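J.: Got a structure for you, written out below as structure tokens; questions coming shortly.
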Amino acid sequence: MISSILPTYNRTSFAFTHGQGAWLYTEDGRRFLDFGAGIAVNALGHANPDLIQALTDQASKVWHLSNLYQIPEQKALADALVDQTFADTAFFTNSGTECCELVVKMVRKYWYEKGQPERVKIITFSGAFHGRSSAAIAAVNTEKMVKGFGPLLPGFIQLEFGDHEALQEAARDPEVAAIMIEPVQGEGGIRPVPDQCLKGLRDLCDETGALLVMDEVQCGVGRTGKLFAHEWAGIEPDVMMVAKGIGGGFPLGVVLATEDAASGMTAGTHGSTYGGNPLGCAVGKRVLDIVGDPAFLQDVSRKAGALRQSLEGLVAEYPDVFESVRGSGLMQGLKCVAPAGDVVAAGYDAEFLSVPAADNVVRLLPPLNISDDEITEAVARLHTAAAAVRAKATAQT
Ligand SMILES: *Cc1c(COP(=O)(O)O)cnc(C)c1O
């Protein structure tokens, strides 16, 4: 008989009842060090007192207001985001997928209003992930994502990650409306796009007029040591998708755009019942206040350096388990020789949470306020996991 929960996820056998900082506690009293953070969502750890305060203060005032009315908490967060980024305007959603939906509409409407309605195509890259809606799966168009779900939304061009020639050619298609890219691929296996390439993309978009869309749903909000990952390349996108970390665990997403890129989205062209609700925005504002502090971001970079160095040592010690380490800031990936799933499972045995990604990679996405001691402890648990994977392989030969 089917489970009462639609079985679209392969879940662990254990369940967590509560968390504190970087730690999660099971029903049977085990304590896991959380280097998954709900897949880069719990940016400030579990049960963060500042976020509890922001949420409960707001909860005692008003939970929900329709976007028919002014929502002061939404305005405050939008103002702060506009203040701290390239953007002139923000639309709030409840998830990354919803951001993708709006982006597809926004870039098409942009060209429609500019009198070039034929410009509807969006260029995306292999290994990308933009969500699970009909538009988001069509954007990526891998068999895993789309098989059985056709007909697909047309208008996407998928290019090989890193194939510059193909990009130069495809971008000159006069029907291209936008290029959409994650500065650091998350689901694709923690693959950073080199700064040079992001600069090249900006130049290409300036040349052709195509809008440059950054999907920073996973790599944004301080994850790489800058508030947003594209800042490392010294460029600015026209549109950006943000979710995951911005809510610190409360469902919240936002599409940020320049005034020009957003110019087609006039009254009545888009909407959301819950997007920008007072609870989510009150929490999001607190997250941004904390993460946006330059001292906080500097500390992320410092800790990331220590983590990276320890991971290099781990890879050197277990070449039979790991091939390399890659990533940016507190978004690191261990490219595995052994099956990544085995490493993640051995981590569970050592009460350590990591997340598998494509390309046989184990993702490490700790809370951004992780302590130095917790990083040391994480690496110790990864050693334990790697030793277990090695022992299992040895026993089999
Ligand atoms: C998770 C993710 C999404 C989708 O976000 P949801 O909140 O799961 O809908 C989109 N893009 C990227 C890069 C992501 O990591």
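J.: What share of the DSSP beta bridges in the stretch 125-266 is antiparallel, in percent to the nearest 5?
T.: Among the beta bridges of the stretch 125-266, antiparallel pairing accounts for roughly 40 percent.
J.: Sticking with this structure for a sec: Ignoring any ligand, DNA or RNA, what whole percent of the accessible area of the stretch 49-291 comes from carbon and sulfur when the probe is 1.4 angstrom?
T.: 53 percent
J.: Modelling each spin label as a point 7 Å along the Cα-to-Cβ direction, I'd like the Tyr9/Leu153 distance in nm, to one decimal.
T.: Distance between the two pseudo-spin positions: 2.4 nm.
J.: For the stretch 233-339, what does the accessible surface come to per residue with a 1.4 Å probe? Please give it in Å².
T.: Heavy-atom SASA per residue in the stretch 233-339 reads 36 Å².
J.: Oh, and also: Relative to the longest principal axis of the chain, what angle (0 to 90°, nearest 10) does the C-alpha long axis of helix 372-396 take?
T.: It is inclined by approximately 70 degrees.
J.: What is the ratio of the Cα radius of gyration of the chain to 2.2 N^0.38 Å, with N the residue count, to two decimals?
T.: For the chain, the normalised Cα radius of gyration is 0.99.
J.: Could you sort Lys144, Lys392, Lys285 by their accessible area in this structure, using a 1.4 Å probe and putting the largest first?
T.: Lys144, Lys392, Lys285
J.: Place the peptides 296-306, 39-49, 203-213 in order of packing, highest mean first, counting for every residue the other Cβ atoms within 10 Å and averaging per peptide.
T.: Sorting 296-306, 39-49, 203-213 by mean packing, highest first, produces 39-49, 203-213, 296-306.
J.: Now for a different question. Go through the stretch 221-234 residue by residue and turn each phi into a ³J(HN,Hα) via Karplus (6.51, -1.76, 1.60, θ = phi - 60°); whole Hz please, and just put x for glycine and proline.
T.: The phi angles translate into 6, x, 4, 8, x, 10, 4, 10, 4, 5, 4, 4, 8, x Hz.
J.: Along the Cα→Cβ direction, 7 angstrom out, place labels at Ser324 and Asp260. What is the inter-label distance in nm?
T.: About 3.7 nm, to one decimal.
J.: Still on this structure, I have one more. Which order do you get for Trp232, Trp111 if you rank them by accessible area with a 1.4 Å probe, largest at the top?
T.: Sorted by accessible area, descending: Trp232, Trp111.
J.: Highest mean first, what order results for 129-139, 9-19 on Cβ atoms within 10 Å?
T.: Per-residue mean Cβ counts within 10 Å order the peptides as 129-139, 9-19.
J.: While we're looking at this one, here's another question. At q = 0.15, 0.20, 0.23 Å⁻¹, what is the base-10 log of I(q)/I(0) for the stretch 287-397 according to the Debye formula with one equal point scatterer per Cα and no solvent? Please give it to two decimals.
T.: -0.61, -1.01, -1.27
J.: Looking only at Gly148, Gly225, Gly264, which one moves most when the chain is put into a Gaussian network model with springs between Cα atoms under 10 Å?
T.: Highest fluctuation of the listed residues: Gly148.
J.: How far apart, in nanometres, would the label points at Tyr348 and Asp289 be if each is projected 7 angstrom from Cα along the Cα-to-Cβ direction?
T.: The modelled label-to-label distance comes out at 3.9 nm.
J.: Work out the FRET efficiency for Glu113 and Gln196 from their Cβ-Cβ distance, taking R0 = 25 Å, and round it to the nearest 0.05.
T.: 0.15
J.: Nearest 10 degrees is fine. How inclined is helix 72-84 to the longest principal axis of the chain, computing both from alpha carbons?
T.: 90 degrees
J.: Would you mind counting up the charge near Ile375? Only other residues with Cβ under 14 Å from its Cβ, with Lys and Arg at +1 and Asp and Glu at -1.
T.: -3
J.: Select from Val254, Gly200, Gln396 the residue farthest towards the positive end of the dipole of the chain; place +1 on Cβ of Lys and Arg, -1 on Cβ of Asp and Glu, and compute about the Cα centre.
T.: With unit charges placed on the Cβ atoms, the residue in question is Gln396.
J.: Given H placed 1.01 Å from N in the peptide plane, which residues other than close sequence neighbours of Phe156 have an amide H under 5 Å from its amide H?
T.: Ile122
J.: Here is a follow-up. Using alpha-carbon positions, what is the distance between the centroids of the stretch 150-221 and the stretch 232-307, in Å?
T.: Here the two parts' Cα centres lie 20 Å apart.
J.: If you build a Gaussian network model of the chain, linking Cα atoms that sit under 10 Å apart, which residue out of Gly150, Gly327, Gly222 swings the most?
T.: Gly150
J.: I'd like the accessible area for Asp320: 1.4 Å probe, protein heavy atoms, all chains in place, Å² to the nearest 10.
T.: Per-residue accessible area (Asp320): approximately 70 Å².
J.: Between 0 and 90 degrees, rounded to the nearest ten: what's the tilt of helix 278-291 against the longest Cα principal axis of the chain?
T.: Tilt relative to the chain: about 70 degrees.
J.: Indicate, rounded to the nearest 5 percent, the antiparallel portion of the DSSP beta bridges found entirely in the chain.
T.: 65 percent
J.: How many Å² of accessible area per residue for the stretch 1-97, probe 1.4 Å?
T.: 61 Å²
The values are calculated or read from the model by the stated rules, or taken from the named source; none is laboratory data. Bear in mind the structure is a predicted one, so any value in this text is a computation, not a measurement. Every residue, glycine among them, receives a Cβ derived from its backbone with ideal geometry; neighbour counts consider all protein chains shown. Note: accessible area is taken over every heavy atom of the protein model, side chains too, but ligands, DNA and RNA are not part of it. Shrake-Rupley method; radii C 1.70, N 1.55, O 1.52, S 1.80 Å.
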